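The values are calculated or read from the model by the stated rules, or taken from the named source; none is laboratory data. None of these values were measured; they are calculated from a predicted model. Glycine gets a Cβ as well: all are built from the backbone with ideal geometry, and neighbour counts include every protein chain shown.
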Amino acid sequence: MNHTITLKDISAMAGERLLFKHIDLSVGNREKIAIIGNNGIGKTTLLEIIAGLKEPNSGEIKLFGKHISNLKDYKIYRKDIGYLFQNSDDQFICPNVLDDVSFSLLANGVDRNLAYEMTKNILNEFGIWHLKDEIVFHLSGGEKKLVAIAGVLIYNPKIILLDEPTSGLDIKVQEKVAKLLSNLDVAQIIVSHNENFINKVVDKIFYLTKDGLENIN
């Protein structure tokens with residue numbers, strides 16, 4: 001199996017406190033996994049390390065088989081990594097829905113008319129095209145989450161990293177998001193407390209402890 005993400009002996013600290021150590025993980029280019037664990041154990045921190053938002057205190061990272069020595073090495077992979085923040089407000093760049101979801105397309109040189117059609121399609125897929133002109137910060141929590149997920153997926157990243165993607169979503173919408181993610185043939189890592197949701201999407205579930213990751217299924 002070709003590995004999209006490889007972690008070897010990763011450790012991380014929060015100030016003087018050890019969050020975790022000895023993290024080894026390999027994720028194939030179409031593999032979907034979930035990471036669960038107790039509150040405060042560092043699940044978000046681990047996801048941020050994989051995304052290149054934070055450096056680990058020690059260990060090795062490879063993306064697409066290439067060694068990552070520091071955060072600058074992530075620059076060429078930014079368009080390949082879709083990252084969903086736990087707090088949707090941290091995700092938004094533009095004030096209204098249409099501009100925010102289409103931002104990554106336009107920033108990467110996609111024609112404006114094509115970007116509009118792609119944004120229309122994905123917002124319709126999520127059932128939120130009617131929100132296109134709304135100010136993102138005025139939306140409900142669930143609406144914000146859908147807009148944020150749409151913004152992550154629209155550029156077809158090769159790696160999708162999702163931090164609590166179902167928070168604020170009702171059961172019906174969770175089902176829609178689960179179906180969409182399960183049909184995407186790209187590497188996915190989901191951090192979530194929603195076991196019903198992740199069981200519908202992922203191939204493997206890992207439990208994070210201070211001393212490493214344990215495959216529990």
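Some notes on this structure:
- At least 2 residues being in contact (Cβ under 8 Å) with a residue 24 or more places away in the chain and within 21 Å of SER182 (Cα to Cα) is the threshold, and among the strands (runs of 3 or more DSSP E) wholly inside the range 30-88 those reaching it are 32-36, 81-84.
- Among the residues of the range 5-29, those identified as under 24 Å from LYS200 (Cβ atoms) and touching a residue at least 60 places away in the same chain (Cβ under 8 Å) are ILE5, LEU25, VAL27, GLY28, ASN29.
- Test: ILE189 is under 16 Å from GLY28 (Cβ atoms) and touching a residue at least 60 places away in the same chain (Cβ under 8 Å): yes
- Checking the range 201-213 against the condition returns no match, with no residue being within 15 Å of SER88 (Cβ to Cβ), under 17 Å from the mean Cα position of the chain (by Cα) and of a type outside the set (D, E, K, R).
- When the range 178-213 is filtered for residues that are over 12 Å from GLY37 (Cβ atoms) and in contact with a Ser or Thr (Cβ under 7 Å, 6 or more places away or on another chain), the ones remaining, listed by number, are ALA187, ASN194, PHE197, ILE198, LYS200, VAL201.
- Across the range 156-173, the number of residues qualifying as buried (at least 20 other Cβ atoms within 10 Å of the Cβ) and either without any contact (Cβ under 8 Å) to a residue 24 or more places away in the chain or more than 12 Å from ASN87 (Cα to Cα) (or both) comes to 5.
- When the range 22-53 is filtered for residues that are touching a Lys or Arg at 6+ places or on another chain (Cβ under 8 Å) and within 11 Å of LEU208 (Cβ to Cβ), the ones remaining, listed by number, are ALA34, ILE35, ILE36, GLY37, ILE41, THR45.
- Taking the numbered list (1) touching a residue at least 12 places away in the same chain (Cβ under 8 Å); (2) more than 26 Å from ILE205 (Cα to Cα); (3) charged (D, E, K, R); (4) buried (at least 16 other Cβ atoms within 10 Å of the Cβ) in turn, ASP99 passes all entries but (1).
- Verdict on LEU161 being under 21 Å from PHE103 (Cβ atoms), modelled with pLDDT of 95 or more, aliphatic (A, V, I, L, M) and within 16 Å of the chain's Cα centre (by Cα): yes
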